[in-house]
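Just below is one structure, and these are the notes that go with it.
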Amino acid sequence: MAKTDTNSSDPWWWWDDEELYNFTGLPPIEEDYSPCRPDTETLNKYAVVTIYALVFLLSLLGNSLVMLVILYSRVSRSVTDIYLLNLAVADLLFALSLPVWAASKVNGWIFGTRLCKLVSLLKEVNFYSGILLLACISVDRYLAIVHATRTLTQKRYLVKFICLSAWGLSLTLSLPFFLFRQAYKPNNSIPVCYEILGNNTAKWRMVLRILPHTFGFVLPLLVMLFCYGLTLHTLVKAHMGQRHRAMRVIFAVVLIFLLCWLPYHLVLLTDTLMRTQMIKETCERRSDVDRALEVTQILGFLHSCLNPIIYAFIGQNFRHGFFKILATHGLVSKEFMARHHVTSYTSSSISVSPTL
């Protein structure tokens, strides 16, 4: 329980076991000192664990199927498919860390520093690789539709280089979390996993937030908005009805990504501005921001299982590719294939025809 000696020099004196484990993973240090007592009435931890378990199972199944369909359609694989394959790999890797996050929600961080670094790295790499790969797709669609350029499609080695670059940049942006996160047990508190940066932890934490989010979120987001804005304008202006429908999956993927991750980063920006005193911090605002961080990061975690659902319900080519795999192994009949209008399979395995 919390200490009752309010004159203690220990900066942890106002925190008990439950209060310390807030969702932000940022227990207070002297530079983060706030006179506000944290609100312990957060989301039910067992409900959160249940959500994590469902997301883990759906992501494991869904992204594995996406990878299977894309890898199986080697001949008809498009540039967009290659990017979406990498996106599925990122989501799958992150999903493997969800059981650890779920267990830590109940018991605190009991897994040590190595696993703390690893799962923190997976979380950050999943986010940055996701938005960077979506930005690459937006540029590819922009060049193909607005400028009728097929350079990236014709030069597959260039696409592989771009994917490797996206992974490399994601790792670079995530590296500070891998280097500085540690398993730490404050006095009279449960263990936590968060970054330790010495005497200037608060200042460096702001740097670690602002720089990666500028290069790994804001700039790719602007690229996506620019490319998709002009792409959509071109499709509508040219009355390309069929081609417009072929872009629905890509637009849906981008929209879901933004709906899942944008709220978290807006709240994180608010928290950063409060910690730097650019926004006045009050106890009510601190409580609201802490709650919002918890809810919106759960929403971000949910994203890892949603893309396969989009492909299944919107992407006709993905369904046909999956049915073809089943038919090849004798799991569905020719009558079933005919009933679902699955004939030759010459288009992109998930979303956009190579001839778009």
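The values are calculated or read from the model by the stated rules, or taken from the named source; none is laboratory data. Quantities reported herein were computed from a predicted structural model and do not represent experimental measurements. Glycine also receives a Cβ, built like all others from the backbone with ideal geometry; neighbour counts cover every protein chain displayed. Quick note on the areas: whole protein, heavy atoms, side chains included, nothing else; ligands and nucleic acids left out. Shrake-Rupley method; radii C 1.70, N 1.55, O 1.52, S 1.80 Å.
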Worksheet item: Which pairs break 31 Å Cα to Cα here: K123/K160; K45/K117; K45/K185; K45/K324; K45/K123?
Response: K45/K324
Worksheet item: What is the percent of Cα-Cα separations in region 67-133 that go past 15 Å?
Response: 59
Practice prompt. Determine the sum of side-chain charges near S129: Lys and Arg each +1, Asp and Glu each -1, restricted to other residues whose C-beta is under 13 angstrom from that of S129.
Written response: -1
Practice prompt. Would you mind computing, in nm to one decimal, how far apart the modelled labels at A148 and L219 are, each placed 7 Å from Cα along Cα→Cβ?
Written response: 3.3
Worksheet, complete the sentence: Over region 86-135, with neighbouring protein chains present, the accessible area per residue in Å² at probe 1.4 Å is 29
Discussion item. Cut-off 20 Å, label point 7 angstrom out along Cα-to-Cβ of T172: give me the residues of region 203-230 whose amide nitrogen falls inside.
Written reply: 207-224
